[in-house]
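Reading through the structure tokens given below for one structure.
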């Protein structure tokens, strides 16, 4: 299923996409996190409602929000998880090329999440080096601790797209990622969650980002240094991971920081982050008010 959160004249709802319509799922759960908490039983009920499609609305008559508009906790991200991006990142910082030995985890604040077609403000008083990063993200459906990589994918509820907007100059100033990754609307997410049963192998998906129509990033999730099972094993080692946790798996090479000379986002730029089998997440850069 392709699950969405959307707004119409009556409020905010969850639904499932079926061709050009949204099937209302409110009777199953009031929001996406509650649906995730419902486990297999809630998913079976949602599939039944999708099949019957009794209450629908045209996609053109609703506003898609982020699938999880306000996560319960920070969005977990993994840095330098593609070989070429790890190399370009170190090179841009004047460091020798070196691949991480372990997953590099950092987080983005939950209030940074925004949706398809939301505008991303750029304030030159705060940053002059705003950058894009297309990423495949997964959502935990079943929590646990010390999860083995062999069992890891059974804990995944579904997959979505994240654009990990980053302020590179703040990364250098603060020497850590939280502030530089947590500016206003710096976590576009969506346009939907594709349930795990529809993506049996998340390691073979094409991933790309277009800036003003030009392809800037293009790779496949098969190039991840640490695949999804490995990151779940590492993240859950000695620590409970919970249903609804969002984990963004890293970005391929081609970011603005890695270009010669570097090319950062400007007002008017349009980013289109795309992952095969999920869709396109489009956002425009605007001047901060």
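General observations
- Candidate set from region 177-227 (those that are in a strand (DSSP E or B) and loosely packed, with under 15 Cβ neighbours inside 10 Å); member that is farthest from the chain's Cα centre (by Cα): 214
- Residue satisfying all of: in region 94-110; without any contact (Cβ under 8 Å) to a residue 40 or more places away in the chain and over 21 Å from the mean Cα position of the chain (by Cα); nearest to residue 246 (Cα to Cα) among these: 101
- Taken over region 60-108, the residue count meeting the criterion of being buried (at least 16 other Cβ atoms within 10 Å of the Cβ) and under 23 Å from residue 13 (Cα atoms) is 10.
- Qualifying residue in region 159-166 (condition: outside any loop (DSSP other than H, G, I, E, B), modelled with pLDDT of 95 or more and surrounded by fewer than 21 Cβ atoms within 10 Å (Cβ to Cβ)): no
- Number of residues in region 79-114 that are at negative phi and in a loop (DSSP other than H, G, I, E, B): the value is 12.
- Criterion (over 20 Å from residue 112 (Cα atoms), touching a residue at least 40 places away in the same chain (Cβ under 8 Å) and in the same structural domain as residue 137 (by TED's automatic domain parsing)) met by exactly one of 263, 276, 272: 276
- Test: residue in region 35-56 that is in a strand (DSSP E or B), touching a strand residue (DSSP E or B) at 6+ places or on another chain (Cβ under 6 Å) and at pLDDT below 95: yes
- Hits in region 50-87 - residues which are over 25 Å from residue 246 (Cβ atoms) and in the same structural domain as residue 224 (by TED's automatic domain parsing): 87
The values are calculated or read from the model by the stated rules, or taken from the named source; none is laboratory data. Just so we're clear, the structure is a prediction, and the values are computed from it rather than from any experiment. Note: ideal-geometry Cβ built from the backbone for every residue, glycine included; neighbour counts use all protein chains shown.
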